[in-house]
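Trainee: Pasting a structure here, questions to come.
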Amino acid sequence: MVIVVMSVMYVLITGGDRGIGRATAIRFGRKGYNICFTYYSRVKEAEELAGLLESMGVKAFFTRMDVGSPESVSEGLKFFSSRIPYLNVLVNNAGIISVNRFDDITIDEWNSIIRVNLTGVYLVTKAFLPLLRKAGRASIVNVASLAGQTGNAVASVAYCASKAGVIGFTRRLAVELGPKGIRVNAVAPSFVETDMVREFINTEEKRERVKSLHSLHDIARPEDIANAIYFLANEDSRFITGEVLSVNGGRLTC
Ligand SMILES: NC(=O)c1ccc[n+]([C@@H]2O[C@H](COP(=O)([O-])OP(=O)(O)OC[C@H]3O[C@@H](n4cnc5c(N)ncnc54)[C@H](OP(=O)(O)O)[C@@H]3O)[C@@H](O)[C@H]2O)c1
């Protein structure tokens, strides 16, 4: 019998250059993982993060990837699989928001949200599954949202539907991949201090309103979500799969 000892751990984070993805990269880096991450439009942020990780003694690989494009995902797979032998953790984090009301949503807006937030999770998972399988035991964490659980006063129906889709995807894939030693879970944040929701928290008055939605009377930091992602990804949660971990400060209303 051949026993393969894999002491080097690899994580791939989509949309890793800023916000929740960046905090997640740093969290895994502190735990000794080698970090693979993608960016979409902000190469400077990606370079800055790679520099920071390297200054922490962490190996970092990054490339541009549009998660909604099969061609771009396939290029991304080529890039990473020529650099890493297997993948222990995939974090499907990349996402975009829209805030239009139902009457104003066009088919183009609908398609672009579903393309990135839902089709992107499908495409990236499908492409990287063989690398995850090579690790033996592996884990996928999808970044959903409270908006996909309860609806939301800010995000559009397209966003809410995309995140509800991510939750359904998570639950079903967990059933399929469990017997193969791959766990699939999701986190569902409420408001988090990132560019995505900046316009809703950029004055003291707005911040107070958002805080009052949470029983902890605060707004999540990206690190709060990264901690939950890290928990679901590593062996501390070895018997948890198909779950959605709410990280919402005790959300009181939507
Ligand atoms: N912030 C919140 O309140 C909140 C709440 C619940 C859930 N979430 C979810 O958390 C995840 C991260 O959001 P965030 O708040 O950290 O947002 P963010 O700061 O706006 O970051 C979004 C990330 O997604 C990347 N991205 C955008 N379009 C992409 C595409 N087509 N292909 C690949 N990557 C793409 C961006 O890359 P570039 O920087 O290169 O453009 C960036 O890295 C999202 O899935 C979001 O829906 C956020």
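Trainee: Identify, by number, the condition in (1) under 29 Å from THR125 (Cβ atoms); (2) buried (at least 19 other Cβ atoms within 10 Å of the Cβ); (3) touching a residue at least 24 places away in the same chain (Cβ under 8 Å); (4) within 12 Å of the ligand (Cβ to nearest atom) that LEU173 doesn't meet.
Mentor: Among (1) under 29 Å from THR125 (Cβ atoms); (2) buried (at least 19 other Cβ atoms within 10 Å of the Cβ); (3) touching a residue at least 24 places away in the same chain (Cβ under 8 Å); (4) within 12 Å of the ligand (Cβ to nearest atom), the lone unmet condition for LEU173 is (4).
Trainee: Is there a residue in segment 145-161 that is part of a strand (DSSP E or B) and surrounded by 18 or more Cβ atoms within 10 Å (Cβ to Cβ)?
Mentor: no
Trainee: I'd like the residue in segment 57-113 that is near the ligand (Cβ under 10 Å from one of its atoms) and β-branched (Val, Ile, Thr) and, out of all such residues, is surrounded by the most Cβ atoms within 10 Å (Cβ to Cβ).
Mentor: VAL91
Trainee: Picking from GLY165, GLY181, GLY249, which residue would you name as being under 23 Å from VAL67 (Cβ atoms) and at pLDDT 95 or above?
Mentor: GLY165
Trainee: Return the residues of segment 80-107 that are closer than 20 Å to ARG64 by Cβ, among the aliphatic types (A, V, I, L, M) and part of a loop (DSSP other than H, G, I, E, B); say none if nothing qualifies.
Mentor: Matches in segment 80-107: ILE84, LEU87, ALA94, ILE96.
Trainee: Which pairs do you get when a residue that is over 15 Å from VAL11 (Cβ atoms) and in contact (Cβ under 8 Å) with a residue 40 or more places away in the chain, found in segment 129-157, comes within reach of a residue that is among the charged types (D, E, K, R) and more than 16 Å from the ligand (Cβ to nearest atom), reach meaning Cβ atoms under 8 angstrom, with the pair 6+ apart or on two chains?
Mentor: Pairs that qualify, where the first residue is over 15 Å from VAL11 (Cβ atoms) and in contact (Cβ under 8 Å) with a residue 40 or more places away in the chain and the partner is among the charged types (D, E, K, R) and more than 16 Å from the ligand (Cβ to nearest atom), are ARG133/LYS180; SER156/ARG101.
Trainee: Right, another one. Across segment 44-56, what is the total count of residues that are near the ligand (Cβ under 8 Å from one of its atoms) and in contact with a Lys or Arg (Cβ under 7 Å, 6 or more places away or on another chain)?
Mentor: 1
So that you can scan it fast, the table gives a plain yes or no per residue for (1) in a helix (DSSP H, G or I); (2) modelled with pLDDT under 95; (3) in contact with a Gly (Cβ under 8 Å, 6 or more places away or on another chain):
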| site | (1), (2), (3) |
| --- | --- |
| GLU109 | yes, no, no |
| ILE113 | yes, no, no |
| ASN117 | yes, no, yes |
| TYR122 | yes, no, no |
| LEU129 | yes, no, no |
| ARG133 | yes, no, no |
| SER139 | no, no, no |
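Trainee: Then there is this: Under the condition of being outside any helix (DSSP H, G or I), within 9 Å of the ligand (Cβ to nearest atom) and under 18 Å from the mean Cα position of the chain (by Cα), which residue from segment 194-227 is nearest to ARG22 (Cα to Cα)?
Mentor: THR194
Trainee: For segment 26-43, give me the residue count where each residue is near the ligand (Cβ under 10 Å from one of its atoms) and surrounded by 14 or more Cβ atoms within 10 Å (Cβ to Cβ).
Mentor: 5
The values are calculated or read from the model by the stated rules, or taken from the named source; none is laboratory data. These numbers come from a predicted model, not from an experiment. Heads up, the Cβs are rebuilt from the backbone with ideal geometry, glycines too, and the neighbour counts pull from every protein chain shown.
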